[in-house]
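Here's the structure we're looking at; comments come further down.
The values are calculated or read from the model by the stated rules, or taken from the named source; none is laboratory data. This is a predicted model, so every value here is computed, not measured. Please note: Cβ atoms are built from the backbone with ideal geometry, for glycine as well, and neighbour counts cover all protein chains shown.
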């Protein structure tokens with residue numbers, strides 16, 4: 001045991017870029033307990049605590065009123081529907097991005113994500129989130145295919161100069177997105 005006196009562990013400083021909510025806990029009675037005159041502030045104790053607001057899911061209801069002219073026959077005006085990442089499906093781009101980041105950055109399996117969502121009364125099947133993931137991958141394929149093909153080629157060149165490692169066929173196939181699932185092609189191009 002060292003000769004240093006015991007010290008409580010110091011809390012790390014909170015991040016200054018985070019929003020701060022200030023709560024002031026003032027006494028209900030601000031009169032002196034003895035003579036009942038008004039008291040003056042002579043200082044304060046302050047502490048910072050880190051708080052979290054759990055993910056909050058919400059439903060966006062998009063209403064598009066149809067307007068018609070009573071004087072003209074057959075004239076109707078309506079604003080076009082906004083473009084959706086997955087047509088005729090419930091997720092917004094933010095939900096799909098949340099699923100992808102949770103899956104690939106946080107390494108959270110889709111089955112676990114479905115369980116987490118169920119705790120918030122959002123009932124989804126794992127196959128639904130898997131479809132969203134595959135659909136998003138197909139959507140970014142035109143931009144990622146050249147990069148992926150180049151990086152796999154570079155990996156193969158580097159590996160072949162150092163050891164006898166060959167790139168597995170499944171990695172080579174990953175650079176070729178021409179073998180999209182029939183489901184994804186059907187959603188893009190309509191039924192065959």
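Hey, can you tell me all the residues within segment 98-127 that are free of Cβ contacts under 8 Å to residues at least 12 places away in the same chain and touching a helix residue (DSSP H, G or I) at 6+ places or on another chain (Cβ under 8 Å)?
Those that are free of Cβ contacts under 8 Å to residues at least 12 places away in the same chain and touching a helix residue (DSSP H, G or I) at 6+ places or on another chain (Cβ under 8 Å): 102, 108, 109, 123, 124, 125.
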For this session: For residues that are in a loop (DSSP other than H, G, I, E, B) and more than 13 Å from the chain's Cα centre (by Cα), scanning just segment 108-131, find the one that is farthest from residue 60 (Cα to Cα).
Result: 109
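Out of curiosity, is residue 85 surrounded by 10 or more Cβ atoms within 10 Å (Cβ to Cβ), at pLDDT 85 or above and part of a loop (DSSP other than H, G, I, E, B)? Before you say what the answer is, go through the steps one by one.
On the way: surrounded by 10 or more Cβ atoms within 10 Å (Cβ to Cβ): yes; at pLDDT 85 or above: yes; part of a loop (DSSP other than H, G, I, E, B): yes.
The answer is yes for residue 85.
Mind listing whichever residues of segment 69-78 are surrounded by 10 or more Cβ atoms within 10 Å (Cβ to Cβ) and modelled with pLDDT of 90 or more?
Quick first cut of segment 69-78, residues surrounded by 10 or more Cβ atoms within 10 Å (Cβ to Cβ) only: 69, 75, 78.
Within segment 69-78, just 78 meets the criteria.
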Problem set entry | Positions within segment 45-86 being within 20 Å of the chain's Cα centre (by Cα) and either touching a residue at least 24 places away in the same chain (Cβ under 8 Å) or under 30 Å from residue 25 (Cα atoms) (or both), in sequence order | 51, 52, 53, 54, 55, 56, 57, 60, 85, 86
